[in-house]
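> Sharing a structure here in structure tokens format.
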Amino acid sequence: MSPDEALQRAMADACSGVRAGEEVALDLRGYLQARGVAADDIEAVLASPRRLAVYRSLVRNGLSDVLLRMLPRTRSRLNEAQSGRFDADLAAFVEEVGPRTHYLRDVPSEFFAWAEPRWRSDGRVPAWLPDLAAHELAHFVVASAQSARRAPDLAEVALDRPLAFVESARLLRYAWAVHELAASEQGADEPARRDVCLLAYRDESHAVRWLELTPLAAAILGRLVAGEPLGAAVERACVESAADARGALGDIAKLLADLGERGVLLGARG
């Protein structure tokens, strides 16, 4: 490991490690020496020893703040279900793994990818809580989705054409109706246990909206969002769902009209 790499690793450990704060406070020189930091770099750090504590505070507070903004209900409900569990898991994630992204906005997704299998395998964690976390993260993704810089070249909707949707549109699937939970962070309600597919999108006022779909509508929209032509998407989805395509055409037309009114369906790709 080069001197620069040793210094960078020591700084990263000092900012993220749970026990590093105590080590730095008790014996900063020893902490740096144990991590192979060059003598010149050690003296430079010791010349302003409080800076390392400031960096640690800034980094950890920044990580905590972004998690609290994006996962407020997940944190509150998990901490309530199992005292301090969310905060303990966040501390463990920072120490054991640490963020890999350069962007704070991506840290909650990295944390969730690490925490989800632990939550799902732990009977003390509410079974629906991972779906709630995924739902809160999806809200941020939809809210921050970029709008197209220019409108695509659109044509009239036709069976042989793929459709164009607003860029914020997302299809989300859950095993629990977490979208029906109270918006309050302190809510005590629990979601119904049922398979749910939601179409998420951002409306003209930039508010995030959710539309619950029937299984057939979800199957069709999944194919349409993936770029399949309308006719093929309907036919294949109906075959998979054992539904009568001709009988479903009226409902499909109503769905597409509704999506057009909502600004989700833009038209067909030429």
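The values are calculated or read from the model by the stated rules, or taken from the named source; none is laboratory data. Note that the structure is predicted; figures quoted are calculated from it, not measured. All Cβ positions, even for glycine, are placed from backbone atoms using ideal geometry, and neighbour counts span all protein chains on display.
> Kindly check whether there is at least one residue in the range 142-153 that is under 15 Å from the mean Cα position of the chain (by Cα), surrounded by 13 or more Cβ atoms within 10 Å (Cβ to Cβ), of a type in the set (Ser, Thr, Tyr) and not in a strand (DSSP E or B).
Looking through the range 142-153, none of the residues is under 15 Å from the mean Cα position of the chain (by Cα), surrounded by 13 or more Cβ atoms within 10 Å (Cβ to Cβ), of a type in the set (Ser, Thr, Tyr) and not in a strand (DSSP E or B).
> Of these, Val125, Val66, Val94, which one is buried (at least 19 other Cβ atoms within 10 Å of the Cβ), assigned to a loop (DSSP other than H, G, I, E, B) and not acidic (Asp, Glu)?
After ruling out the rest, the residue left standing is Val125.
> Could you grab the pairs with beta carbons closer than 8 Å, sequence gap of 6+ or different chains, first residue in the range 255-270 and of a type in the set (Gly, Ala, Ser), second one part of a helix (DSSP H, G or I)?
Ala268/Leu230
> Could you tell me which residue of the range 207-225 is farthest from His139 (Cα to Cα), considering only residues that are assigned to a loop (DSSP other than H, G, I, E, B) and among the hydrophobic types (A, V, I, L, M, F, W, C)?
Among those residues, the one meeting the criterion is Leu213.
> Only one residue in Ala88, Ala134, Ala115 is of a type in the set (A, V, I, L, M) and under 30 Å from Glu228 (Cα atoms). Which one?
Ala134
A quick yes/no check of all residues on (1) more than 24 Å from Tyr174 (Cβ to Cβ); (2) out of contact with any Cys (no Cβ under 9 Å at 6 or more places or on another chain); (3) touching a residue at least 60 places away in the same chain (Cβ under 8 Å):
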| site | (1), (2), (3) |
| --- | --- |
| Arg202 | no, yes, yes |
| Thr214 | no, no, no |
| Glu235 | yes, yes, no |
| Leu249 | yes, yes, no |
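> OK, next. I'm trying to understand the selection: among the residues of the range 159-178, which are crowded, with 16+ Cβ neighbours inside 10 Å and either farther than 17 Å from Ala217 by Cα or not assigned by TED's automatic domain parsing to the domain that holds Leu265 (or both)?
Arg161, Val166, Ser168, Trp176, Ala177, Val178
> Within the bounds of the range 201-221, is there any residue that is among the small types (Gly, Ala, Ser) and within 21 Å of Leu78 (Cα to Cα)?
no
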